[in-house]
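*Asks:* First the structure, then my questions, so here it is.
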Amino acid sequence: MTLARTKWSAALVLLVGLLVSAAAMAGPRARDLGVPFDGTPGALNAITDVAGVEVGHATVISGDGPLVIGKGPYRTGVTIIHPLGKGSIDGVAAGRAVINGTGEWTGMHLVDEIGSFLGPVALTGSGNVGLVHQSLMDWSIGKVPEEALFSRVLPVVAETLDSRLNDVFGHGLTREHVFAALDGAKGGPVAEGNVGGGTGMIAYTFKGGIGTSSRIVSAGDKRYTVGVLVQANHGSREDLRIAGVPISKEIKGAWPEINGIAALGPDAGKPQDKNSLLIVIATDAPLMPHQLERLARRAALGVGRNGSTAGALSGELALAFSTSHVIPLGQAPRLPALINDTDSATMNALFSGVVQATEEALVNQLVASETMTGANNVKVYGIPHDQLQRIMKARFQRR
């Protein structure tokens, strides 16, 4: 393949990613279909309601038909979160929680040890972790002063397994895609569904992907924002609850197919056990690392509201960071105030915000994700909007 053709192919894949992202942003969200949620969302109902947070996606969709390892088809990508914006070289205080540990999130030993990380967070497919890890290091050259580059040798990269729709052993994602997501990240509305790291994911046996939500919480005269972004590739339909409704008993059809024949469902066996879920929590509350770990642990309660039981092979991991507890390299941390652990009113408000935003982000990703056919002609359906809207109207018509 000539260099010109290679560049054209890469540009075409990036263009597809941009078009898919735009389409995902234009569709309805869970609230538009009548799904009720507790709490008060921010203006965007997204992780970017936390001031300074930027999100970028690169989406790779190419090829059709039988899987040929190394050649596709590809249904993959990467999602980037810059805690303080792509122009910052400072770190943030952080804490993490493991709901179930059969997954990978690099850089977490550093979070455990010193309660912070530097640089962006990347969410991607399992087969892309090495490429994304190296790309984050490469991107830092020219972005970070040379004397500080050592701070970028432990990038924060997390994965979920997109093997049912994507050639995970191929190299559909490139360094250029990662750079595009890093450089294209911005505040404002966040594309959801079949975008970025969520492109090839499946959740609750429906098409899954990226979802986000936020909450404004108050305690006395204090007011904070909590934002959540998820990459969902977990759960079974029989466990799924939306606003407490057992969806598996209500929604008909839309089971995954292979060459037009149902591959899952009441008469077609069980879903595969290997699943994963990634949860990123941002807040402007001035929290210490151990308090952020407490927030990260509460994400499991939001996941549980939607019925997931964190199966034995489901890698379900959460990371929380504070944008107001800044860790400048080689300088004293910047923290405007402290929230005492015994300040139950404030901590409980933050806990509730995490639980509520996690629950809604998971439903938003289901609503945003659209039907996709991938490798080996596996077809996974988006959750039927008409059925979900009808179910919500019947159950909550008095609201």
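*Asks:* Quick check: residue separation of F179 and A332 times 0.36 nm, minus the Cα distance between them. What number comes out in nm?
*Replies:* Gain on stretching F179 to A332: 52.0 nm.
*Asks:* Here's a follow-up. On a full-extension model of 0.36 nm per residue, what is the gain between Q134 and A394, subtracting their alpha-carbon distance, rounded to one decimal in nm?
*Replies:* 88.6 nm
*Asks:* At 0.36 nm per residue, and after removing the present C-alpha to C-alpha distance, how many nm does the segment from A345 to T40 gain when stretched out fully?
*Replies:* The A345-T40 span can extend by a further 108.1 nm.
*Asks:* If you count only protein heavy atoms with a 1.4 Å probe, what accessible area per residue comes out for the chain, rounded to a whole Å²?
*Replies:* 41
*Asks:* Ranked highest first by the average count of other Cβ atoms within 10 Å around their residues, in what order do 246-256, 365-375, 328-338 fall?
*Replies:* 365-375, 246-256, 328-338
*Asks:* Now for a different question. Between D64 and R223, what FRET efficiency comes out of the Förster formula 1/(1 + (r/R0)^6) with R0 = 41 Å and r the beta carbon distance, rounded to 0.05?
*Replies:* 0.25
*Asks:* Averaged over every viewing direction, what's the projected area of the C-alpha convex hull for the stretch 304-347? Give it in nm², one decimal, please.
*Replies:* Mean projected area for the stretch 304-347: 6.0 nm², to one decimal.
*Asks:* Please report how far the C-alpha centroid of the stretch 67-111 lies from that of the stretch 243-264, rounded to the nearest whole angstrom.
*Replies:* When both Cα centres are located, 30 Å separates them.
*Asks:* Over the Cα atoms of the stretch 103-226, Rg to Rh with Kirkwood Rh, two decimal places?
*Replies:* 1.01
*Asks:* Considering the alpha-carbon set of the stretch 23-169 alone, what are its Rg and its Dmax in angstrom?
*Replies:* Values for the stretch 23-169 (Cα only, Rg and Dmax): 17.6, 53 Å.
*Asks:* Can I ask one more? Expressed as a whole percentage, what fraction of the accessible surface of the stretch 295-399 belongs to carbon and sulfur atoms when a 1.4 Å probe is rolled over the protein heavy atoms?
*Replies:* 49
*Asks:* Express in whole angstrom the spacing between the alpha-carbon centres of the stretch 119-169 and the stretch 325-391.
*Replies:* If you average the Cα positions of each part, the centres end up 21 Å apart.
*Asks:* Report, in debye and to the nearest 20, how large the dipole of the stretch 188-329 comes out about its Cα centre when Lys and Arg carry +1 and Asp and Glu carry -1 on their Cβ.
*Replies:* About 280 debye.
*Asks:* I'd like to compare 162-171, 72-81, 386-395: which one has the highest average count of other Cβ atoms within 10 Å, and what's the full order after that?
*Replies:* Final packing ranking: 72-81, 162-171, 386-395.
*Asks:* Here's a follow-up. Please give the residues of the stretch 94-108, grouped as numeric ranges, whose backbone N is less than 12 Å from a label point set 7 Å along the Cα-to-Cβ vector of I141.
*Replies:* No residue qualifies, since no backbone N sits under 12 Å from the label point.
The values are calculated or read from the model by the stated rules, or taken from the named source; none is laboratory data. Every value quoted in this text rests on a predicted model; they were computed, and no experiment measured them. Backbone-built Cβ (ideal geometry, glycine too); neighbour counts: all protein chains shown. Ligands, DNA and RNA are excluded from the accessible area calculation, which covers all protein heavy atoms including side chains. Shrake-Rupley method; radii C 1.70, N 1.55, O 1.52, S 1.80 Å.
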